[in-house]
Amino acid sequence: MDVPTRAVWTGWITFGPVSLPVQLFPAARRHGVDLHEVHVADGSRIQHRRVCQAEGREVDNREITKGHKTPDGHSVVREEADLQALPLPGKHVSDVLGFVPVDGLDPILFSRAYYAAPHEQAGQRAAQGGLERFDHVQEVGS
């Protein structure tokens, strides 16, 4: 497999009690033209700037975080540590619940296929021992 250099997702795939660290790579390269917003008069690119509503000035990405309003209208600013601590079970783990025959799937589901490759040395060892038994299976995980 000719693996692209940039993974689109890094996490764990679990098969019941077995967990494998993996990275997902697009199975196909996109072909086509990337469209950008441009100025009609001269064709130059359009920029979107981040401006603080209270101060009226442009702010750098380092000054931006996430936040929300409380029911009484106060703003609550969340730090990156707060966001990382949120319990998001699907963020870095994908559970394989079962397998279905490949010929039973609509081909439109394959419009965005991905390769799963072992991540780092621990993933290499686990994949060598755990995934070899799936080489002959003509089914897809769901």
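The values are calculated or read from the model by the stated rules, or taken from the named source; none is laboratory data. Please read these numbers as outputs of a predicted model, since none were measured by experiment. No Cβ is skipped: glycine too gets one built from the backbone with ideal geometry, and neighbour counts run over all protein chains shown. The protein model used for the area step is the full one, side chains on, heavy atoms only, and it has no ligands, DNA or RNA in it. Shrake-Rupley method; radii C 1.70, N 1.55, O 1.52, S 1.80 Å.
Residue order by solvent-accessible surface for Phe99, Phe25 is Phe99, Phe25, largest first, with ligands and nucleic acids left out and a 1.4 Å probe. Among the protein heavy atoms, those of Asp103 account for about 140 Å² of accessible surface (1.4 Å probe, every chain in place).
Can you figure out the FRET efficiency of Ser44 with Ile64, using R₀ = 35 Å and their beta-carbon distance, to the nearest 0.05? Efficiency, rounded to the nearest 0.05: 0.85.
By a 1.4 Å probe calculation restricted to protein chains, His36 has an accessible surface near 100 Å², given to the nearest 10.
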